[in-house]
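See below for the structure under consideration.
Nothing in this text is a laboratory measurement; each read-out follows from the coordinates by a stated rule. Predicted model, so just to flag it, every value in this text is computed and none were measured. With ideal geometry, Cβ positions are generated from the backbone for all residues, glycine too; neighbour counts draw on all protein chains shown.
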Amino acid sequence: MLTLYHGDNSVCSQKVRLALAEKGLDWKSNIVDLKKAEQFAPEYLVLNPEGEVPTLVHDDFVLRESSVIIEYLDGLSDKPKLMPDDSKAAAKARIWLVRCIKIHEAVNSLSFASYIRDGELARRSADEIERWLASTPNPQIEAKRRELMARGPESVFVGGAIRTFSRVFEDMDRELSHGPYLNGPAYGMADTALTAYIDRLHRLAFEGLWAKWPRVGQWLDRMKARPSYRTAIAAYVPPEAERFQRQSGEKAWGVIATALKTH
Ligand SMILES: N[C@@H](CCC(=O)N[C@@H](CS)C(=O)NCC(=O)O)C(=O)O
């Protein structure tokens with residue numbers, strides 16, 4: 001039995017749900033509501049001491065880290081196989097899995113600088129925001145959130161994210177010059193790993209980030225046309241959240257676009 005502890009609108013949860021859908025595996029859903037801080041509930045911290053989603057439980061085996069989880073899921077069945085057979089192509093796919101850590105940090109910065117910040121400012125008082133920031137268990141994450149809450153799209157973390165994505169999109173574009181998928185002739189692991197992150201940027205109306213690399217947008221359209229996208233991503237984003245993300249992203253884009261010119 002596979003059980004996934006996941007957040008509805010969390011990118012790394014979307015990534016694992018996408019792998020489950022692509023593999024056609026049966027699984028049991030256990031939603032962890034990040035807005036209600038359920039990730040810090042003592043019974044969840046036993047499974048994931050960092051207080052993060054997703055966590056996969058396979059019978060009594062507990063697995064964290066979305067990239068490791070999707071490779072594990074791929075090993076559970078042969079058809080379809082997401083990891084390429086060719087060892088060089090597989091090594092390249094693993095490089096993308098490792099890069100997901102940095103990509104996640106950058107997506108988190110851009111999400112926080114826009115809709116998460118706007119959402120918190122709209123629903124909480126200054127005192128509540130202070131209490132929420134002060135309750136962040138990891139002091140490094142607390143410092144990052146404080147900076148992003150204070151400066152929004154002007155944050156130093158936004159500059160870092162732009163730099164990360166310029167490299168990522170340049171590399172994606174080069175891979176995509178060989179074919180429609182990221183690391184091989186067929187849909188595979190790198191496509192599954194990256195879709196949710198790039199989709200989040202698109203939902204924030206930040207597609208200007210890949211304006212120089214048009215193959216990235218064409219690839220995202222192909223990923224969004226797959227049935228897995230609807231069941232693993234679109235079905236979990238309520239329309240009002242979708243609207244709010246877009247509006248907030250559009251508001252932040254002017255500052256981000258200016259920063260983009262200097263990178
Ligand atoms: N490296 C982890 C990152 C996990 C992570 O940061 N997840 C976010 C949601 S995408 C989370 O749980 N955040 C908890 C919070 O906001 O307190 C992975 O990819 O599994």
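For the residue pairs K35/K212; K35/K261; K35/K79; K15/K79, the C-alpha atoms sit more than 28 angstrom apart in K35/K212; K35/K261; K35/K79. Over all distinct Cα-Cα pairs of region 122-199, the Kirkwood formula returns a hydrodynamic radius of 15.5 Å.
About its Cα centre, what dipole magnitude does the chain give when the only charges are +1 on Lys and Arg Cβ and -1 on Asp and Glu Cβ, stated in debye to the nearest 20?
Details: 37 positive and 36 negative charges, 161 e Å.
The calculated dipole for the chain is roughly 780 debye.
If a spin label sat at a point 7 angstrom from the Cα of F40 along the line to its beta carbon, the backbone N atoms of region 92-132 nearer than 12 Å would be those of 129-132.
Give, in nm to one decimal, the length gained when the segment between D78 and L133 is fully stretched (0.36 nm per residue of separation minus the Cα-Cα distance).
Numbers: separation 55, 0.36 × 55 = 19.80 nm, distance 4.45 nm.
Value of the extension gain: 15.3 nm.
Rounded to whole numbers, the Karplus 3J(HN,Hα) couplings from phi for region 154-170 are 7, 5, 4, 5, 5, x, x, 5, 4, 5, 4, 5, 4, 5, 4, 5, 4 Hz, using 6.51 cos²θ - 1.76 cosθ + 1.60 with θ = phi - 60°, and x at Gly and Pro. Projecting the Cα atoms of I101, V32, N9 onto the charge dipole of region 1-153, computed from C-beta unit charges around the Cα centre, puts I101 farthest toward the positive end. Extent of the chain along its three principal axes (Cα atoms, max minus min coordinate, largest first): 53, 46, 32 Å. Per-residue 3J(HN,Hα) values for region 2-18, derived from phi via the Karplus relation 6.51 cos²θ - 1.76 cosθ + 1.60 with θ = phi - 60°, read 9, 10, 10, 8, 8, x, 4, 10, 9, 4, 6, 6, 4, 4, 6, 4, 4 Hz in sequence order (x marks Gly and Pro).
Using θ = phi - 60° in the Karplus curve 6.51 cos²θ - 1.76 cosθ + 1.60, the 3J(HN,Hα) couplings for region 231-241 round to 6, 8, 10, 4, 5, 9, 9, x, x, 6, 5 Hz; x is entered for Gly and Pro. Computed on the chain, with alpha-carbon pairs under 8 angstrom and 6+ residues apart, the relative contact order is 23 percent.
Over region 6-112, how many percent of alpha carbon pairs lie in each 10 Å bin up to the one with the longest distance? With 10 Å bins starting at 0, P(r) equals 13, 44, 33, 9, 1. For E65, no residue whose modelled amide H falls within less than 5 Å of its own remains once neighbours fewer than 5 places apart on the same chain are excluded.
With viscosity set to 0.692 mPa s and temperature to 37 °C, compute the Stokes-Einstein D of region 7-50, Rh being the Kirkwood radius across alpha carbon pairs; µm²/s, no decimals. For the chosen part, D equals 284 µm²/s.
If the viscosity is 0.692 mPa s and the temperature 37 °C, what translational diffusion coefficient in µm²/s does Stokes-Einstein give for region 180-263 when Rh comes from Kirkwood over Cα pairs?
Numbers: Rh = 14.0 Å.
Approximately 235 µm²/s, per Stokes-Einstein.
Using the Cβ-Cβ distance between D59 and A91 with R0 set to 30 Å, the FRET efficiency from 1/(1 + (r/R0)^6) comes to roughly 0.50.
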